[in-house]
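Read through the structure below, which is laid out as structure tokens, and then see the notes.
The values are calculated or read from the model by the stated rules, or taken from the named source; none is laboratory data. Predicted model, so just to flag it, every value in this text is computed and none were measured. Backbone-built Cβ (ideal geometry, glycine too); neighbour counts: all protein chains shown.
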Amino acid sequence: MHEATKIIRSTLTRADAGEPLHAGPVFAAPYHAPGDPSAIPYTYARSHNPTWTHLEKSIAQMESGEGYRASALVFASGMAACAAVFGAILRPGDEVVLPSNAYYAARVLAQEYFAKMGVEVRLAPTANNAQAELLEGAKLLWIETPSNPTMDVCDIAALAEAAHKAGALVAVDNTTPTPLGQRPLSLGADFSVASDTKAMTGHSDILLGHVAMRDLELRQKIDQWRTLTGAALGPMEAWLALRSIATLPLRLERSCQNAQRIAEFLTTRPEVSQVLYPGLPTHPGHEIAVKQMQYFGPVLSFVLRDKAAAENFLAKSQLLTDATSFGGITSSAERRARWGGDQIAEGFIRLSAGCENIDDLLADIAQALDAK
Ligand SMILES: Cc1ncc(COP(=O)(O)O)c(C=O)c1O
């Protein structure tokens, strides 16, 4: 079966006569659990919940590939998932190699907390596989490709091979493409981590994260971290995620087509000094992206003259919702430098292509660029 069919079917409840196609969320804190707890599937909701189990099976299937079956654990947010990998793996004296342009909260978490607890944090850019230079003695290599918001690309398979030779585990923050767009475990990573707040669920209404892996010992460590820190997802969010994941194949196909068309259009505009999208043949990481991605993702970035030009563009656009985050069915954009923390120009805009009609989007972007 094709991926789209498998994903859609995985969100259905078991076909027992008289049961709904999509069972509702299970709201529980404790479960009936007399006697030996190890003989009972559900005891207390900080550790497990049937609606999580269903969602985890669906995500695990997406993360699985030729010759291996992945397992997945869901978290209350993408950052809770990132923190679980750092927390379960890194100990004082260990070294972690992070992208210097990684999602800023992951970088701050490593530098403000883990570094202060005795973990050495080494930083190198995503582009040109520069992290490969820092692997000696490292415990964990953290990759983010395409990176948010600069859309840099690195070669996951090559870096994973180098990291394993150096004795390091490999985690990929796979938020922008989703596992349907890029499958890190198939490329040799030990962990595929994502904020499913973004394209995976796509409706801009829930926070969610997951960690997927092949190795059961690693799974056990991440699972224990989740239970001990209480990074538990609400059952309603898990259920909404299942509903949303059923349309991931449709949403991703449309939004990535739209992103490609918008990126191509922006390259023709004199007001735009740079367009960053791995789907463009001129992108320095395009060849690697073609090799390792099934979709180039819904996110692109571009640079206008300065802060005023970027603010004017956002104010004049009717169809780009001026908001942070990305991956939703609604196209959105923001002037990213307003947050600080990233090495980007004042006129840098991150745009997330939604599922609207492309002619409407292109007409809106053109008029917003024209407007004075
Ligand atoms: C690449 C990346 N990783 C992790 C996160 C954190 O996800 P969440 O906001 O769901 O905690 C984000 C959020 O923007 C992100 O863009």
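General remarks:
- Flag if F296 is outside the structural domain of D196 (by TED's automatic domain parsing), buried (at least 19 other Cβ atoms within 10 Å of the Cβ) and aromatic (F, W, Y): yes
- Lone unmet requirement of (1) at pLDDT 95 or above; (2) over 20 Å from the mean Cα position of the chain (by Cα) for D16: (1)
- Unique residue being without any contact (Cβ under 8 Å) to a residue 40 or more places away in the chain, surrounded by 17 or more Cβ atoms within 10 Å (Cβ to Cβ) and not assigned by TED's automatic domain parsing to the domain that holds P125 when the list is A337, A308, A353: A337
- Count of residues meeting criterion [among the polar types (S, T, N, Q) and touching a helix residue (DSSP H, G or I) at 6+ places or on another chain (Cβ under 9 Å)] in the range 319-356: 3
- Qualifying residue in the range 269-281 (condition: farther than 28 Å from L180 by Cα and among the hydroxyl-bearing types (S, T, Y)): yes
- Meets criteria (under 22 Å from P179 (Cα atoms) and more than 12 Å from the ligand (Cβ to nearest atom)) for D196: no
- Helices (runs of 4 or more DSSP H) (entirely within the range 224-310) containing at least 2 residues that are under 24 Å from N128 (Cα atoms): 248-267, 286-292
- Residues in the range 199-220 that are surrounded by fewer than 24 Cβ atoms within 10 Å (Cβ to Cβ) and closer than 17 Å to A323 by Cα were compared, and the one that is nearest to the ligand (Cβ to nearest atom) is L207.
- Test set (1) buried (at least 18 other Cβ atoms within 10 Å of the Cβ); (2) free of Cβ contacts under 8 Å to residues at least 60 places away in the same chain; (3) not β-branched (V, I, T) - R91 fails condition number: (1)
- Of residues in the range 311-336 being in a helix (DSSP H, G or I) and away from the ligand (no atom under 16 Å from the Cβ), the one farthest from S244 (Cα to Cα): N312
- Within the range 209-220, being more than 12 Å from T178 (Cβ to Cβ) and not small (G, A, S) holds for V211, M213, R214, D215, L216, E217, L218, R219, Q220.
- Of all residues making up the range 179-198, the number that are crowded, with 24+ Cβ neighbours inside 10 Å and closer than 10 Å to M293 by Cα: 3
- Taking residues in the range 1-29 that are exposed (fewer than 10 other Cβ atoms within 10 Å of the Cβ), and partners anywhere that are assigned to a loop (DSSP other than H, G, I, E, B) and modelled with pLDDT of 95 or more, the pairs with Cβ atoms closer than 6 Å and at least 6 places apart or on different chains are A29/A45.
- From A80, A72, A105, residue being small (G, A, S), within 16 Å of the ligand (Cβ to nearest atom), closer than 22 Å to W225 by Cβ and touching a Gly at 6+ places or on another chain (Cβ under 6 Å): A80
- Inter-residue pairs, beta-carbon under 6 Å, first over 14 Å from R226 (Cβ atoms) and in the range 43-58, second surrounded by fewer than 15 Cβ atoms within 10 Å (Cβ to Cβ), 6+ apart: T43/A33; T43/P37
- E136 being without any contact (Cβ under 8 Å) to a residue 60 or more places away in the chain and assigned to a loop (DSSP other than H, G, I, E, B): yes
- Filtered residues of the range 108-129 (kept if within 12 Å of the ligand (Cβ to nearest atom) and without any contact (Cβ under 8 Å) to a residue 60 or more places away in the chain): L109, T126
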